[in-house]
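The values are calculated or read from the model by the stated rules, or taken from the named source; none is laboratory data. Note that this is a predicted model, so its numbers are computed, not measured. No Cβ is skipped: glycine too gets one built from the backbone with ideal geometry, and neighbour counts run over all protein chains shown. Accessible surface is based on the protein model in full, side chains and every heavy atom, while ligands, DNA and RNA are left aside. Shrake-Rupley method; radii C 1.70, N 1.55, O 1.52, S 1.80 Å.
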Amino acid sequence: MDEDLELCPLPDEVLVLLGELAAPPRLVAHLRLVHDVARQLADWVAERCPELGLDRDAVLFGAATHDIGKTVHRGELSGPGSAHEPAGRDLLLAAGVPPRLARFAAGHADWGPAATAEDLLVSLADKVWKDRRVPELEDLLVDALARAGGGERWSWFLALDELLSAVGESAAARLAYQARHPL
Ligand SMILES: [Fe+2]
């Protein structure tokens, strides 16, 4: 039940855009779930590691729009494919979204050494909402936290693991929420 999940609402400007694009309910539900998890992750990072100087608003916008290209590649809502990634970035740019915010739609599925903490958090939120754990992705975030915040790497690792495990506990409720919204 979404009442149990207490999901925070998507940003108004994103809701307007999704309405204009006639986004399917399943996609809006997914974006809302990933946005809500991203908020939890970003708040944790901002509190535990203020030295990182996280751009919280960018993380939230990125999470709220990361799959927006699926409004034009609807098959990728229920099947594989990555055509939605460049399409999503182009949709956002066409709507006047600045490139630094539109980039999340194109890059959320791959991360590398050049990924920023904001990129990592959007990618991570898109995994842990359903309790999917990706060690190499989490390691990159641990590196960024230890670099900025100092202290022992292992203590960052344990703290992040504890957070992600707690977030993962609601995965079944999130999957049920998403599944009851039609494609
Ligand atoms: Fe996603």
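Restricted to segment 74-90, and to residues there that are in a helix (DSSP H, G or I) and more than 18 Å from the chain's Cα centre (by Cα), the residue that is surrounded by the fewest Cβ atoms within 10 Å (Cβ to Cβ) is G75. The single condition among (1) buried (at least 20 other Cβ atoms within 10 Å of the Cβ); (2) in a loop (DSSP other than H, G, I, E, B); (3) not basic (K, R) that L121 does not satisfy is (2).
May I ask you to verify whether L93 is assigned to a helix (DSSP H, G or I), without any contact (Cβ under 8 Å) to a residue 24 or more places away in the chain and open to solvent by 10 Å² or more (accessible area, probe 1.4 Å)? Answer is yes for this residue.
Against the conditions (1) part of a helix (DSSP H, G or I); (2) crowded, with 21+ Cβ neighbours inside 10 Å, E47 satisfies every one except (2).
The residues of segment 50-73 that are in a helix (DSSP H, G or I) and not aliphatic (A, V, I, L, M), listed by number, are P50, E51, R56, D57, F61, G62, T65, G69, K70, T71.
Yes or no: segment 15-27 includes at least one residue that is under 28 Å from D161 (Cβ atoms) and modelled with pLDDT of 95 or more. No, that holds for no residue. The criterion of being open to solvent by less than 10 Å² (accessible area, probe 1.4 Å) and in contact (Cβ under 8 Å) with a residue 12 or more places away in the chain holds for H66. Counting only residues that are among the charged types (D, E, K, R) and without any contact (Cβ under 8 Å) to a residue 40 or more places away in the chain, segment 69-83 holds 1 of them. For segment 79-95, the set of residues classified as within 15 Å of the ligand (Cβ to nearest atom) and small (G, A, S) consists of G79, G81, S82, A83, A87, G88, listed by residue number. Of all residues in segment 28-45, those that are within 11 Å of the ligand (Cβ to nearest atom) have Cβ atoms under 7 Å from Cβ atoms of residues that are acidic (D, E) and at pLDDT 95 or above, 6 or more apart or on another chain, in H30/D67; L31/D67; V34/D126. Considering (1) at positive phi; (2) within 16 Å of the ligand (Cβ to nearest atom), the lone condition that E76 does not fulfil carries the number (1). Scanning segment 136-174 for residues that are among the small types (G, A, S), at negative phi and outside any helix (DSSP H, G or I) yields a total of 1.
Can we say V37 is of a type in the set (V, I, T) and more than 21 Å from L175 (Cα to Cα)? So V37 does not fit the description; no. Reported count of residues in segment 2-27, each being in contact (Cβ under 8 Å) with a residue 24 or more places away in the chain, closer than 23 Å to L124 by Cα and open to solvent by 40 Å² or more (accessible area, probe 1.4 Å), is 4. If the condition is being over 16 Å from H35 (Cα atoms), small (G, A, S), away from the ligand (no atom under 14 Å from the Cβ) and crowded, with 18+ Cβ neighbours inside 10 Å, then segment 96-116 contributes only A115.
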